[in-house]
Amino acid sequence: MSPRPVRSPLLAALVALAAACGEKEVAPSLDLVTVACAGTPPLDGVTHLRFRVSGPGVETARERVSTVRWTAGDVPALPVGRARVLEVRAYAGAPEHGGQLLSLGRSAPVDIAEGQEAPVRVFLRRLGEFVPVNVSASPDTCAMPRETRAGHTATLLPDGRVLFAGGYPPEAKGARPASGTTEVFDPETGTFSPGPDVGARAFHTASLLPDGKVLLAGGAEALDPASMQRTARIVDVAAGTASSVEPKVARYQHAAAMDAEGHVLLVGGRSAEGSPVFKAEGFDAASGRFVDVPTEVPRVDAALTVMPDGRTLLVAGGADATGPQADVMGFAFEGNTFSRLSAGARLQVPRVGAAVAMLGREEDGPRPVLMGGFNGVDPEKGARAVGSSEVLEGVASVGDGPALLPRGNACAVSLPDGRVVVLGGRANDFGTPRAMDRAELIIPRKDAQPSVLGLPLMPQPRVGHTCTALADGSVLVVGGVDDSTGEARAPIDALVVMPPPRD
């Protein structure tokens with residue numbers, strides 16, 4: 001018989017000194033949410049729990065093991081300091097005797113001060129299972145976004161919340177009205193709340209600025225036929241406001257990336273007539289202004305990323321008027337604008353509509369990995385999905401990446417532990433591009449080729465969705481279009497998946 005799922009708040013906050021070394025500690029008040037609103041119950045088949053505390057300066061993680069009927073004394077104290085994480089692992093069988101790990105949950109990093117209470121909430125989630133987000137106040141209730149969206153953006157904010165902006169709700173008969181609304185997801189409560197209006201826009205970009213505000217640039221304010229949104233917005237989620245700023249060029253379906261100093265580069269995209277936009281421009285967060293970039297970037301559907309040095313931005317893939325391009329273009333902000341860097345790197349497989357994400361932890365030497373894409377501009381006209389990846393070593397070289405499922409227009413996100421999750425996108429289905437439900441986990445290996453682990457299927461194929469790595473190591477998947485049956489359908493739920501741990 002499976003243990004009864006419980007949601008147990010333990011309200012105890014005791015300050016203690018560790019006898020061995022005199023280190024100050026605080027006993028956490030743990031709210032362990034063990035109920036799901038759908039899918040496999042997190043405690044189904046679970047017999048034991050392992051509690052683990054980690055964080056900067058904690059050289060050896062503190063662990064305690066209990067049965068599923070845990071008590072306050074089973075939870076390790078949190079050392080005083082910053083970014084403490086309490087992790088809970090749930091096993092079938094005792095972990096020290098080879099028990100099977102079934103579920104996992106982590107707190108968001110929390111700063112612990114001597115003498116203060118330490119309330120900590122952990123959502124326990126079944127490993128690798130895509131399930132709807134649930135509400136902490138009523139865990140058997142699924143949280144729903146306020147709108148259905150595709151072609152929108154999702155931005156992880158400094159406080160762990162997620163800002164969703166714009167996009168369009170896929171409607172019957174192919175209608176795609178652009179949205180000007182925003183909403184904010186709070187992973188601590190599992191709820192969505194409205195944000196400020198930002199003007200109708202879809203297929204725009206969102207960049208988190210150094211001050212915690214979000215730059216929304218470009219996008220189409222209407223899609224059928226297309227007309228451009230000519231005003232960018234700087235969204236202050238804390239204040240609930242959105243101010244306007246004028247870009248140099250109106251565009252949509254473009255790419256944007258920001259360096260460590262708050263300089264945003266925008267490249268590519270399309271005009272209202274569908275013609276490519278080759279003029280690049282920059283945004284300087286310090287002055288709040290857009291700036292001209294003297295170098296044209298003749299690419300559409302390219303990937304744009306910042307290198308680990310925080311200074312160099314690379315444009316990889318995409319196509320010009322002649323087709324997919326192999327040359328990698330490098331840029332850096334110098335003086336008052338972006339300048340092109342001397343570069344010699346070339347992709348082994350030119351590709352359009354590829355995804356890019358940073359692979360590896362800081363101590364491993366992280367590098368952006370370029371994943372999938374199509375070998376031509378239009379998959380409706382014979383372009384095939386690419387099943388390879390390439391590691392962007394810098395402006396001078398590109399290395400081999402792992403083999404992946406062939407797909408283009410996928411969503412890829414870096415996890416806090418350096419791994420990358422790739423979700424959805426489009427693949428060729430007997431010559432027709434269709435949304436797919438496949439998910440993969442790329443695992444970096446020091447001085448070796450990364451490995452790839454297949455994750456369970458998403459409940460519904462998606463393309464045009466967003467995927468966001470939350471502070472607890474899970475991935476939030478919202479929106480998109482499911483055209484796998486030939487008719488566009490809108491997934492309405494917000495899903496979360498907890499990948500298996502790295503260790």
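The values are calculated or read from the model by the stated rules, or taken from the named source; none is laboratory data. Since we're looking at a predicted model, the values are computed, not measured. All Cβ positions, even for glycine, are placed from backbone atoms using ideal geometry, and neighbour counts span all protein chains on display.
Of a type outside the set (A, V, I, L, M) and more than 30 Å from the chain's Cα centre (by Cα): is that true of residue 69 in this structure?
Details: of a type outside the set (A, V, I, L, M): yes; more than 30 Å from the chain's Cα centre (by Cα): yes.
Against the criterion (of a type outside the set (A, V, I, L, M) and more than 30 Å from the chain's Cα centre (by Cα)), residue 69 qualifies.
Which residue pairs have Cβ atoms under 8 Å apart, sit 6 or more places apart or on different chains, and have a first residue in the range 362-376 that is touching a residue at least 12 places away in the same chain (Cβ under 8 Å) and not assigned by TED's automatic domain parsing to the domain that holds residue 386 and a second that is aliphatic (A, V, I, L, M) and assigned to a helix (DSSP H, G or I)? Filtered contacts from the range 362-376: no entries.
Does residue 284 count as charged (D, E, K, R) and over 26 Å from the mean Cα position of the chain (by Cα)?
Details: charged (D, E, K, R): yes; over 26 Å from the mean Cα position of the chain (by Cα): no.
The answer is no for residue 284.
Every test in (1) within 30 Å of residue 365 (Cβ to Cβ); (2) in contact with an Asp or Glu (Cβ under 9 Å, 6 or more places away or on another chain); (3) in the same structural domain as residue 403 (by TED's automatic domain parsing) is passed by residue 478 save one, and that test is (1). Only one of the listed residues (396, 357) is small (Gly, Ala, Ser) and at pLDDT 95 or above. That residue is 357.
Based on what the data block shows, is residue 145 assigned to a loop (DSSP other than H, G, I, E, B), touching a Phe, Trp or Tyr at 6+ places or on another chain (Cβ under 6 Å) and either in the same structural domain as residue 109 (by TED's automatic domain parsing) or within 20 Å of residue 475 (Cβ to Cβ) (or both)? Step through it out loud before you land on a result.
Details: assigned to a loop (DSSP other than H, G, I, E, B): yes; touching a Phe, Trp or Tyr at 6+ places or on another chain (Cβ under 6 Å): yes; either in the same structural domain as residue 109 (by TED's automatic domain parsing) or within 20 Å of residue 475 (Cβ to Cβ) (or both): yes.
Taking the combined requirement at face value, the residue satisfies it.
Tell me which residues, restricted to the range 34-83, are in contact with a helix residue (DSSP H, G or I) (Cβ under 9 Å, 6 or more places away or on another chain) and either at pLDDT below 95 or not charged (D, E, K, R) (or both). Scanning the range 34-83 gives 48, 49, 51, 65, 66, 67. Taking the criterion of being free of Cβ contacts under 8 Å to residues at least 40 places away in the same chain and either β-branched (Val, Ile, Thr) or buried (at least 22 other Cβ atoms within 10 Å of the Cβ) (or both), the only residue of the range 463-490 that qualifies is 485. Please go through the range 279-301 and pick out each residue that is in contact (Cβ under 8 Å) with a residue 24 or more places away in the chain, closer than 24 Å to residue 245 by Cβ and part of a loop (DSSP other than H, G, I, E, B). Within the range 279-301, 279, 280, 285, 286, 288, 293, 294, 295, 297 meet the criteria. Once the range 407-451 is narrowed to residues that are out of contact with any strand residue (DSSP E or B) (no Cβ under 8 Å at 6 or more places or on another chain) and not in a loop (DSSP other than H, G, I, E, B), the residue that is modelled with the lowest pLDDT is 429. Tell me yes or no: at least one residue of the range 441-455 is in the same structural domain as residue 191 (by TED's automatic domain parsing), surrounded by 24 or more Cβ atoms within 10 Å (Cβ to Cβ) and farther than 20 Å from residue 365 by Cα. Scanning the range 441-455, I find no residue that is in the same structural domain as residue 191 (by TED's automatic domain parsing), surrounded by 24 or more Cβ atoms within 10 Å (Cβ to Cβ) and farther than 20 Å from residue 365 by Cα, so the answer is no. For the range 481-502, a residue qualifies if it is of a type in the set (Val, Ile, Thr) and part of a loop (DSSP other than H, G, I, E, B), and the qualifying residues are 485, 492.
So which residues in the range 226-240 are over 24 Å from residue 282 (Cβ atoms) and either touching a residue at least 40 places away in the same chain (Cβ under 8 Å) or out of contact with any Gly (no Cβ under 8 Å at 6 or more places or on another chain) (or both)?
To start, the set of residues in the range 226-240 that are over 24 Å from residue 282 (Cβ atoms) comprises 226-227, 238-240.
The answer is 226, 227, 239, 240.
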